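> Attaching a single structure in structure tokens format; questions to follow.
Where a number appears in this text, it was derived from the coordinates with a stated rule and is not lab data. For clarity, every value in this text was computed on a predicted model and none was experimentally measured. Every residue, glycine as well, gets a Cβ built from its backbone with ideal geometry; the counts of neighbours run over all protein chains shown.
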Amino acid sequence: MVILNQFCTIIVERKKRSLVVSFFKKILRVIFLLTIFLPLKIWAYDSLMIAVASNFNLTAEKLAEKFTSKTKIPIIISSASTSNLYAQIINGAPYDIFLAADIERPKKLEEGKYAVSETRRTYAVGALTLWSSDELFENDECFSVIKNGSFKKLAIANPEIAPYGHAAKEFLKKIGQWKSIQKKVVFGENISQTYLFAVTGNATFALISRAQAVAEQPIKPTCIWNVPPHMHSKIEQQAVILSQTKKLKQAKLFLDFLSTPAAISIIMNSGYLVTN
């Protein structure tokens, strides 16, 4: 009987120790999770949240790095098509700044009181480039082939929602090919997807942004032809500070930074023009 009591006592003590150990393990797990995720939350809270049109994503990352190194203000970039970002913003997405690929959407945000008045400004002017990696074509042959329609597929961004797609449509109309090549045109949701069609061989040619053409590329192009600016309407890209921001001072600092020589150098080296 004594042995049985001792055995029961040992079992109870072990269970107690097990419960204590389990409790402390849970406490340590909570502390660990707080250690990992709380700084991220704080960092995100202190960061500028910037919505960036897909064509400007790589350039925005370079600008963000430069800005953060100068001001110590971290930046989180979210990139998508201008139309998608616009929809997100009017539905309450927590962005501080919008870098669009057109004038229209920032202007609408301003008119709808979604943007801080008198913060809308042009930060870059885009340009179109005809691009192909097809070995059958070289150098300036790009334009000749497009002009006579002797190709299989041409990728452009959707002209209904993408500013670069609208410019591409204007260019094709200008050379008298828009109606005749309808069956050969494939539409990307944005300029990034348009470029992907050509890179993967799903399109013979693509009308992409000049910035994509000058950036480091996964495959070597065989022919690049820069579309003259007079062959489409100006692709003026505007930025605006959003009304919901709690970081107005930091947002204004970033917009002012875009006009500095350091930022202009990055923007122009990325294939864009700037306004005076």
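> I need the Debye-formula profile for region 128-226: one equal scatterer per C-alpha, no solvent, reported as log10 I(q)/I(0) at q = 0.19, 0.22, 0.24 1/Å, two decimals.
Calculated log10 I(q)/I(0) at the listed q: -0.81, -1.13, -1.38.
> Which order do the peptides 247-254, 126-133, 110-117, 186-193 take when ranked by the mean count of other beta-carbon atoms within 10 Å per residue, highest first?
Descending packing order for the listed peptides: 126-133, 186-193, 247-254, 110-117.
> Among 59-71, 200-212, 234-246, 255-267, how do they line up by average Cβ neighbours within 10 Å per residue, starting with the highest?
200-212, 234-246, 59-71, 255-267
> How much length is gained if the chain between THR260 and GLU138 is pulled fully straight, taking 0.36 nm per residue apart and subtracting their Cα-Cα distance, in nm to one decimal?
That works out to 40.1 nm of additional length.
> Please give the contour-minus-distance gain from ILE103 to LYS183: 0.36 nm per residue of separation, less the Cα-Cα distance, rounded to one decimal in nm.
The ILE103-LYS183 span can extend by a further 25.8 nm.
> If you place +1 on the Cβ of every Lys and Arg and -1 on the Cβ of every Asp and Glu, how big does the dipole about the Cα centre of region 128-226 come out, in debye to the nearest 20?
So the dipole magnitude of region 128-226 works out to roughly 420 debye.
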